Amino acid sequence: MSVAPKTENAVMAPAEYDAVLLASFGGPEGQDDVIPFLRNVTRGRGIPDERLEEVSHHYRANGGISPINAQNRALKAALEAELAARNISLPVLWGNRNWDPYIPAVLQDAYDSGHRRILMLTTSVYSSYSSCRQYREDIGMALTETGLDGKLAVDKVRQYFDHPGFVEPFIEGTAASLATVKAALAAAGKDPQSVHVMFATHSIPTRDAQASGRSELQTMIFEQDSAYVAQHLANAEAIMARVDPAQEFSLVYQSRSGAPHVPWLEPDINDALADIAAAGTQGVVVVPLGFISDHMEVLWDLDTEAKETCAELGLAFDRAPTPSTHQKFVEGLVDLICERTVQNNIADRPAMTKLGPWYDVCNPGCCANFRGEKPAIAEVGSTVGLPAAAQGGS
Ligand SMILES: CC1=C(CCC(=O)O)c2cc3nc(cc4[nH]c(cc5[nH]c(cc1n2)c(C)c5CCC(=O)O)c(CCC(=O)O)c4C)C(CCC(=O)O)=C3C
Ligand SMILES: [Fe+2]
């Protein structure tokens with residue numbers, strides 16, 4: 001059995017997995033679920049009540065339903081189809097951090113039905129506490145709680161922000177949106193070249209941003225104090241190099257929460273829109289670079305709020321699609337799974353930025369949890385989630 005490598009930027013030896021776990025955020029499926037779901041998400045996180053109230057309206061207006069679960073069911077089906085098309089017999093399980101099907105129950109079921117080694121693929125692609133370590137902790141906690149640690153092994157697919165399967169659908173979508181906005185400007189008798197491309201991602205506390213993917217070496221390579229920021233900038237550059245190297249673009253943030261005195265990444269998209277309008281720009285393409293599907297943060301913060309801001313400012317607006325179940329995305333995810341399996345090993349680890357390919361096993365302290373350490377899988381020096389033989393015990 002393979003053990004966790006002890007080096008930085010570790011690549012894990014391919015293993016024999018018997019299932020894939022598609023791990024996601026989860027969302028409410030009806031009005032009665034909304035508050036319990038929000039309590040799950042914010043457990044011990046100090047999100048002000050008025051923010052929960054505000055967020056609950058986004059779900060309430062949609063029948064109490066988040067689109068994310070349907071999107072994950074569709075992605076699971078697409079992954080199953082692509083695996084079947086390649087004659088790979090790996091069942092795809094689905095589990096969420098914040099709503100049913102909950103990760104601990106899914107792991108227990110998996111063990112009860114005979115699974116022994118699982119590869120987790122998350123719907124979060126960048127490095128940060130919320131998008132990397134929190135998933136690794138949730139598996140670590142679930143294995144500890146259920147008593148399955150040492151019986152059920154769980155590894156994790158690398159953060160895949162710059163994998164071509166994720167980036168190429170954005171290249172296509174950004175080019176199409178740019179053409180749409182230019183045509184709209186031309187039709188309105190305005191200058192079709194007066195367009196700005198805004199890459200939007202989830203804001204996070206600056207402290208979390210600075211702790212993301214942290215190590216001295218990385219900080220030097222990124223020329224940024226945050227891997228989270230550097231990964232998005234590198235992706236935006238890679239996309240625009242293909243779409244139009246002369247096109248002006250920027251990285252902006254959305255969906256800020258938390259207490260007002262705590263600094264989060266800026267600028268907020270709505271402020272940035274006001275700035276470009278004031279500078280005379282007439283149209284904008286918004287690219288939801290931080291997200292794999294059109295979940296609530298995309299539908300509300302971009303398609304509702306940012307779009308309204310554009311209407312008020314007189315900016316032509318178009319929002320580029322998320323990768324969703326784009327065939328290239330689905331194929332890319334299956335390639336990422338194959339990178340890790342003995343049976344289907346593919347040696348190539350493609351990456352479209354100089355930052356990647358990202359590592360399979362994180363360094364201790366990478367994407368730190370400032371609220372206290374928890375057992376986490378896929379971490380150098382941690383034995384949680386490893387097969388019993390590799391834990392050095394019974
Ligand atoms: C980086 C990141 C991603 C992207 C990576 C990924 O995709 O995972 C993401 C995704 C998502 N965030 C989501 C929903 C929420 N996030 C919240 C709160 C927070 N998110 C944070 C970060 C992120 N979040 C943070 C630092 C907080 C503050 C509280 C905390 O530190 O934990 C809250 C609480 C209320 C509020 O504060 O807004 C809700 C309801 C949904 C589901 C949407 C749906 O239902 O369709 C999805 C996919
Ligand atoms: Fe979030």
Which residue is surrounded by the fewest Cβ atoms within 10 Å (Cβ to Cβ), if the candidates are limited to the stretch 223-259 and must be assigned to a strand (DSSP E or B) and within 16 Å of ligand 1 (Cβ to nearest atom)? 251
In the stretch 189-222, how many residues are under 30 Å from residue 379 (Cβ atoms) and either more than 15 Å from ligand 1 (Cβ to nearest atom) or charged (D, E, K, R) (or both)? 11
Contact list, first residue from the stretch 284-303 and over 16 Å from residue 166 (Cα atoms), second anywhere and polar (S, T, N, Q) and near ligand 1 (Cβ under 8 Å from one of its atoms), beta-carbon distance below 6 Å, six or more apart or interchain, is 296/66; 297/255; 301/255
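Residue by residue, here is whether (1) buried (at least 23 other Cβ atoms within 10 Å of the Cβ); (2) under 19 Å from residue 123 (Cβ atoms); (3) under 17 Å from the mean Cα position of the chain (by Cα) holds:
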{"position": "302", "(1), (2), (3)": "yes, yes, yes"}
{"position": "313", "(1), (2), (3)": "no, no, no"}
{"position": "321", "(1), (2), (3)": "no, yes, yes"}
{"position": "329", "(1), (2), (3)": "yes, yes, yes"}
{"position": "333", "(1), (2), (3)": "yes, yes, yes"}
{"position": "336", "(1), (2), (3)": "no, yes, yes"}
Here is a check on your reading of the model: is residue 24 under 30 Å from residue 389 (Cα atoms) and loosely packed, with under 14 Cβ neighbours inside 10 Å? no
For residue 73, only one of the following conditions fails: (1) over 30 Å from residue 377 (Cα atoms); (2) modelled with pLDDT of 95 or more; (3) of a type in the set (Lys, Arg). What is its number? (1)
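So that you can scan it fast, the table gives a plain yes or no per residue for (1) touching a residue at least 40 places away in the same chain (Cβ under 8 Å); (2) in a helix (DSSP H, G or I); (3) in the same structural domain as residue 249 (by TED's automatic domain parsing):
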position: 308; (1), (2), (3): no, yes, yes
position: 312; (1), (2), (3): no, yes, yes
position: 353; (1), (2), (3): yes, no, no
position: 358; (1), (2), (3): yes, no, no
position: 364; (1), (2), (3): no, no, no
position: 370; (1), (2), (3): yes, no, no
position: 382; (1), (2), (3): yes, no, no
position: 385; (1), (2), (3): yes, no, no
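Select from the stretch 314-351 the residues that are part of a loop (DSSP other than H, G, I, E, B) and of a type in the set (A, V, I, L, M, F, W, C) and write down the one among them that is farthest from residue 287 (Cα to Cα).
Narrowing the stretch 314-351 to residues part of a loop (DSSP other than H, G, I, E, B): 314-315, 320-326, 339-340, 342-351.
Retained after the next criterion (residues that are of a type in the set (A, V, I, L, M, F, W, C)): 315, 320, 342, 346-347, 351.
Numbers: 315: 15, 320: 5, 342: 36, 346: 31, 347: 31, 351: 20 Å.
Filtering the stretch 314-351 for residues that are part of a loop (DSSP other than H, G, I, E, B) and of a type in the set (A, V, I, L, M, F, W, C), the one farthest from residue 287 (Cα to Cα) comes out as 342.
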Scope the stretch 40-63; condition part of a helix (DSSP H, G or I), away from ligand 2 (no atom under 13 Å from the Cβ) and without any contact (Cβ under 8 Å) to a residue 12 or more places away in the chain; matching residues: 49, 50, 53, 54, 57
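Return the only residue of 294, 271 being within 16 Å of ligand 2 (Cβ to nearest atom) and either outside the structural domain of residue 61 (by TED's automatic domain parsing) or of a type in the set (Asp, Glu) (or both).
Of 294, 271, the one residue that is within 16 Å of ligand 2 (Cβ to nearest atom) and either outside the structural domain of residue 61 (by TED's automatic domain parsing) or of a type in the set (Asp, Glu) (or both) is 294.
Taking the stretch 296-318 only, how many residues are within 16 Å of ligand 1 (Cβ to nearest atom) and in contact with a strand residue (DSSP E or B) (Cβ under 9 Å, 6 or more places away or on another chain)?
7
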Quick one: which of 263, 205, 192 is at pLDDT 95 or above and under 26 Å from residue 122 (Cα atoms)? 205
Boolean, residue 186 is without any contact (Cβ under 8 Å) to a residue 40 or more places away in the chain and either more than 16 Å from ligand 1 (Cβ to nearest atom) or assigned by TED's automatic domain parsing to the domain that holds residue 337 (or both): yes
Residue 284 versus (1) surrounded by fewer than 23 Cβ atoms within 10 Å (Cβ to Cβ); (2) away from ligand 1 (no atom under 16 Å from the Cβ); (3) within 30 Å of residue 356 (Cα to Cα): which is the lone unmet condition? (1)
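Here are 122, 201: which of them is among the hydroxyl-bearing types (Ser, Thr, Tyr) and out of contact with any Cys (no Cβ under 9 Å at 6 or more places or on another chain)?
201
The values are calculated or read from the model by the stated rules, or taken from the named source; none is laboratory data. Here the structure is a predicted model, which is why all the values come from computation and not from measurement. Note: ideal-geometry Cβ built from the backbone for every residue, glycine included; neighbour counts use all protein chains shown.
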